[in-house]
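The values are calculated or read from the model by the stated rules, or taken from the named source; none is laboratory data. Note that the coordinates shown come from a computational prediction; the quantities given were computed from them, not determined experimentally. All Cβ positions, even for glycine, are placed from backbone atoms using ideal geometry, and neighbour counts span all protein chains on display. Side chains are part of the model used for accessible areas, which takes the heavy atoms of the whole protein and leaves out ligands, DNA and RNA. Shrake-Rupley method; radii C 1.70, N 1.55, O 1.52, S 1.80 Å.
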Amino acid sequence: MKYQAPEHPTARKILDLAYYAFNEQGYRRVSMDLVASRLRISKKTIYVHFDSKEEILEIALNQMFFEIEQ
């Protein structure tokens, strides 16, 4: 499986925090408002790097599967 981590530092922070929050609270309970608040960024900044919450989940899952395969 091919996985490429986001290159931009802000995108990596968003992905890392969302991945942790999804695991901690479950996908449905994590809002982009929560992610933005914890990172002290705007929701607009999240959507500069990612099209949707679903995209963040997909990338986070790809990262997890890649790490398992290594």
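When the stretch 21-37 is examined, which residues are found to be surrounded by fewer than 14 Cβ atoms within 10 Å (Cβ to Cβ) and not in a loop (DSSP other than H, G, I, E, B)? Write out each step before concluding.
Initially, the stretch 21-37 is screened for residues surrounded by fewer than 14 Cβ atoms within 10 Å (Cβ to Cβ), giving 23-26, 28-29, 31, 33, 37.
Answer for the stretch 21-37, where residues must be surrounded by fewer than 14 Cβ atoms within 10 Å (Cβ to Cβ) and not in a loop (DSSP other than H, G, I, E, B): Asn23, Glu24, Gln25, Asp33, Ser37.
What are the pairs, 6+ residues apart or on separate chains, where a residue within the stretch 51-70 that is open to solvent by 60 Å² or more (accessible area, probe 1.4 Å) has its Cβ under 7 Å from a residue that is in a loop (DSSP other than H, G, I, E, B)?
Within 7 Å, the pairs are Phe65/Met1; Phe66/Met1; Phe66/Tyr3; Glu69/Met1.
Can you find, within the stretch 38-50, the residue that is farthest from the chain's Cα centre (by Cα) among those that are open to solvent by 50 Å² or more (accessible area, probe 1.4 Å) and of a type in the set (Ser, Thr, Tyr)?
Ser42
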